[in-house]
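Encoded as structure tokens, the structure appears first; notes follow it.
The values are calculated or read from the model by the stated rules, or taken from the named source; none is laboratory data. Just so we're clear, the structure is a prediction, and the values are computed from it rather than from any experiment. Here Cβ is always computed from backbone atoms with ideal geometry, including for glycine, and neighbour counts include all displayed protein chains.
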Amino acid sequence: MANAVDTFMAGVIAKNPEQKEFHQAVQEVAESLMPVLDKHPEYRKGKILDRIVEPERVIMFRVPWVDDQGEVQVNRGMRVEFNSAIGPYKGGLRFHPSVNLGIIKFLGFEQVFKNGLTTLPIGGGKGGSDFDPKGKSDMEVMRFCQSFMSELFRHIGADVDVPAGDIGVGGREIGFMYGQYKKLTRKFEGVLTGKGLNWGGSLIRPEATGYGQVYFAEEMLKTRGESLKGKRCVVSGSGNVAQFATEKVLDLGGVPLTFSDSNGFIIDEDGINREKLAFVMDLKNVKRGRIKEYIEKYPKASFQPTESGAKCNPLWEVNCDVALPSATQNEINVEDANNLVKKGCYCVSEGANMPTTPDGINVFLESKILYGPGKAANAGGVAVSGLEMSQNSMRLAWSREEVDTKLHDIMKSIHKACVETAEAYGTPGNYVNGANIAGFLKVADAMMDQGVV
Ligand code: NDP
């Protein structure tokens, strides 16, 4: 088995050199899928694995814009249209200086399987730019978004490719991009999700990823007859996903203790209550400040700065029951995973995409804790994006309760699919195999039906 994966990976690495995050994402899926390919030789004959790792299309483009000082700036934009076997390409746009093709391809690849799990008809895609919105004025962000959309608009459409937000892309950026799309195409259509409520957005879309992540944690805990009530929860990040994960932890009676950003993390042993969460939302979404400002407002909390080059992140050494990584990829390495388990954590539900390194994942699997990989646990965001598309097509808007109930049901069904599939393939309790295999089967069967395209 190891040999088949090694041989396959050697081909992927040779063809996509230097895309290390993409290799990491493919390796994990390939390892899960070998038993499936053994059981279903028709997938091997149809070269489904070889086809599924090759994006249907990669678009790369120049994004020139003018800053507030009148200087011309140039960024790179990209969109990877990965797989459309089960629906239009769907996946977020990330604006962060670290963005490169390997990162967008890993995200697009994961998205294919995640979207397969949601029960909705959406294919996989991802895009973004190395533009850094941090420290830019609203007008600079607007000029950048307009320039970005001036090229992207010709590649997307409500039935073709429907981008959403991700790191660095929230309601403000979606608004600027939607305005430019509409101006260029003269179409008011559901081409982006995460839109404002009075121009086609869905209730619960901003909340969906974090809420879904916590619903998934609750489902995992239920398998052990437990709930989130009274559980100490460690959250990383302080953006969209982290904020709404914290809100749902509070709804379900858990105790959120931390927030972080790239400069460090805060810990509040008294628990982060609703008033403190409202402060963080204002700090991050309106004032666009840094998380260390939390301790100026709440001096009983403490702040620990990020130490560059450190072997591990002290955030993951906080005593906790539940960890909700919600910042970025590879934020939990093998030392961090060991520290979490040592400090009593027995449930990890990933809001971020691929936040745990492969050897970190092995620590979680070997210690038999409840480990929900991002592909399954953070699928609530794209699921409600799918619901936003449905509402746009019908020209109707559902109530908050309706959308939240649908989200909750989808997270339960993803959880059930992971549990049942992991069991059917001989690895009960392994949500990694469960998610990879269940997502794959849906997409692979559609690819088989549609011939070699
Ligand atoms: P935001 O931009 O709203 O927030 C990102 C947060 O993570 C910020 O606190 C940011 O801190 C921190 N962060 C980002 N990069 C780094 C880094 N390199 N080191 C340390 N901290 C970092 O993004 P989202 O909350 O939307 O996304 C968070 C994660 O969730 C991502 O992995 C994303 O792919 C995933 N996700 C998001 C979905 C969504 O619906 N938004 C859907 C599914 C997954 P700082 O301000 O210092 O950069």
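Scanning the range 239-259 for residues that are hydrophobic (A, V, I, L, M, F, W, C) and without any contact (Cβ under 8 Å) to a residue 24 or more places away in the chain yields a count of 0. Of all residues in the range 1-15, those being farther than 20 Å from N433 by Cα and either crowded, with 18+ Cβ neighbours inside 10 Å or among the small types (G, A, S) (or both) number 4. In this structure, does K45 turn out to be buried (at least 22 other Cβ atoms within 10 Å of the Cβ), among the charged types (D, E, K, R) and modelled with pLDDT of 95 or more? When the stated conditions are applied, K45 does not pass them.
One line per residue, one yes/no per condition, for (1) surrounded by 23 or more Cβ atoms within 10 Å (Cβ to Cβ); (2) not assigned by TED's automatic domain parsing to the domain that holds N313:
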| site | (1), (2) |
| --- | --- |
| R154 | no, yes |
| K182 | no, yes |
| T185 | no, yes |
| G194 | yes, yes |
| V214 | yes, no |
| R224 | no, no |
| S238 | yes, no |
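Does the range 188-230 hold any residues that are under 18 Å from the mean Cα position of the chain (by Cα) and of a type in the set (A, V, I, L, M, F, W, C), and which are they? Matches in the range 188-230: L192, I204, A208, V214, F216, A217. Consider the range 363-382 and keep the residues that are away from the ligand (no atom under 16 Å from the Cβ) and touching a residue at least 24 places away in the same chain (Cβ under 8 Å). The one that is surrounded by the fewest Cβ atoms within 10 Å (Cβ to Cβ) is K368. Only residues that are more than 15 Å from E219 (Cβ to Cβ) and assigned to a helix (DSSP H, G or I) were counted across the range 424-447, and they come to 14.
Could you list, ordered by first residue, the pairs with Cβ atoms under 8 Å in which the first is in the range 42-53 and within 14 Å of M9 (Cα to Cα) and the second is among the β-branched types (V, I, T) and part of a helix (DSSP H, G or I), at least 6 apart or interchain? Once the first residue is within 14 Å of M9 (Cα to Cα) and sits in the range 42-53, its partners that are among the β-branched types (V, I, T) and part of a helix (DSSP H, G or I) give I52/V112; I52/V443; V53/V12; V53/V26. Applying the set (1) part of a helix (DSSP H, G or I); (2) surrounded by 24 or more Cβ atoms within 10 Å (Cβ to Cβ) to R143 leaves exactly one unmet item: (2).
Determine whether S32 is polar (S, T, N, Q), buried (at least 17 other Cβ atoms within 10 Å of the Cβ) and not in a strand (DSSP E or B). Walk me through how you get there before you give the answer.
Details: polar (S, T, N, Q): yes; buried (at least 17 other Cβ atoms within 10 Å of the Cβ): yes; not in a strand (DSSP E or B): yes.
Spelling it out, S32 is indeed polar (S, T, N, Q), buried (at least 17 other Cβ atoms within 10 Å of the Cβ) and not in a strand (DSSP E or B).
Determine, yes or no, whether I174 is out of contact with any helix residue (DSSP H, G or I) (no Cβ under 7 Å at 6 or more places or on another chain), among the aliphatic types (A, V, I, L, M) and either free of Cβ contacts under 8 Å to residues at least 24 places away in the same chain or within 13 Å of F95 (Cβ to Cβ) (or both).
Numbers: out of contact with any helix residue (DSSP H, G or I) (no Cβ under 7 Å at 6 or more places or on another chain): yes; among the aliphatic types (A, V, I, L, M): yes; either free of Cβ contacts under 8 Å to residues at least 24 places away in the same chain or within 13 Å of F95 (Cβ to Cβ) (or both): yes.
Yes; evaluated as a whole, the condition is true for this residue.
So, in the range 106-144, exactly how many residues are among the charged types (D, E, K, R) and within 13 Å of the chain's Cα centre (by Cα)?
Of the residues in the range 106-144, the ones among the charged types (D, E, K, R) are 110, 114, 126, 130, 132, 134, 136, 138, 140, 143.
This time we only want the ones that are within 13 Å of the chain's Cα centre (by Cα), so: 110, 114, 126.
Summing the residues that are among the charged types (D, E, K, R) and within 13 Å of the chain's Cα centre (by Cα) in the range 106-144 gives 3.
Residues of the range 316-357 that are assigned to a helix (DSSP H, G or I), charged (D, E, K, R) and surrounded by fewer than 23 Cβ atoms within 10 Å (Cβ to Cβ): E317, E335, K342. Scanning the range 194-210 for residues that are within 13 Å of the ligand (Cβ to nearest atom) and in a helix (DSSP H, G or I) returns R205, P206, E207, A208, T209, G210. Test S385 against the criterion of being hydroxyl-bearing (S, T, Y), assigned to a loop (DSSP other than H, G, I, E, B), within 13 Å of the ligand (Cβ to nearest atom) and at pLDDT 95 or above, and give yes or no. Spelling it out, it is not the case that S385 is hydroxyl-bearing (S, T, Y), assigned to a loop (DSSP other than H, G, I, E, B), within 13 Å of the ligand (Cβ to nearest atom) and at pLDDT 95 or above. Restricted to the range 47-83, and to residues there that are in contact with a Leu (Cβ under 7 Å, 6 or more places away or on another chain) and not assigned by TED's automatic domain parsing to the domain that holds Q24, the residue that is farthest from E31 (Cα to Cα) is G77.
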